[in-house]
Amino acid sequence: MTFYIILKYVDLAFTVYSFMLVAYVLLSWVPAAQSSAFGRFLEKLCEPYLGLFRKIIPPIGMIDISPIVAIFMLNFIKNGLFIVLQKLFFMF
């Protein structure tokens, strides 16, 4: 029972971070919103993760597709973590 509660909280954490990434990307369309306290808070949390992908994936013209790849990778990591946790739980 506690295993499923742990999985639920891990899923919630990944979901919240995914929404934070989407909000940060949407704030980039409004320059005044990025300089707000909420925008700076999201920048501190999201930019280190997005920076990893921006080093690898160059923008296509004026479009930066690295946030899309970052969100897909975050979901891939979440699913992999769930599989590992389930294997560990059912092993013991």
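Just so you know, all these numbers are worked out from the coordinates, no wet-lab data involved. Predicted model only: the values in this text are computed from it and were never measured. All Cβ positions, glycine included, derive from the backbone under ideal geometry; neighbour counts span all protein chains shown.
Some observations on this one:
- Each listed q (0.10, 0.15, 0.21 Å⁻¹) maps to a log10 I(q)/I(0) for the chain from the Debye sum over equal C-alpha point scatterers, namely -0.35, -0.67, -1.03.
- Charge tally in the Cβ shell below 14 Å around Leu7, where Lys, Arg are +1 and Asp, Glu are -1, Leu7 excluded: +2
- Only Lys, Arg, Asp and Glu carry charge here, each on its Cβ (+1 for the first two, -1 for the last two); on that basis the chain has a dipole of about 160 debye about its Cα centre.
- Farthest towards the positive end of the charge dipole of the chain, among the residues Ala32, Ile68, Leu12, is the Cα of Leu12, using unit charges on the Cβ of Lys, Arg, Asp and Glu.
- The label point for Phe72 and the one for Val30, both projected 7 Å from the Cα toward the Cβ, are 2.9 nm apart.
- With Cα atoms, 0 to 90° folded angle of helix 2-27 axis to the chain main axis: 10 degrees
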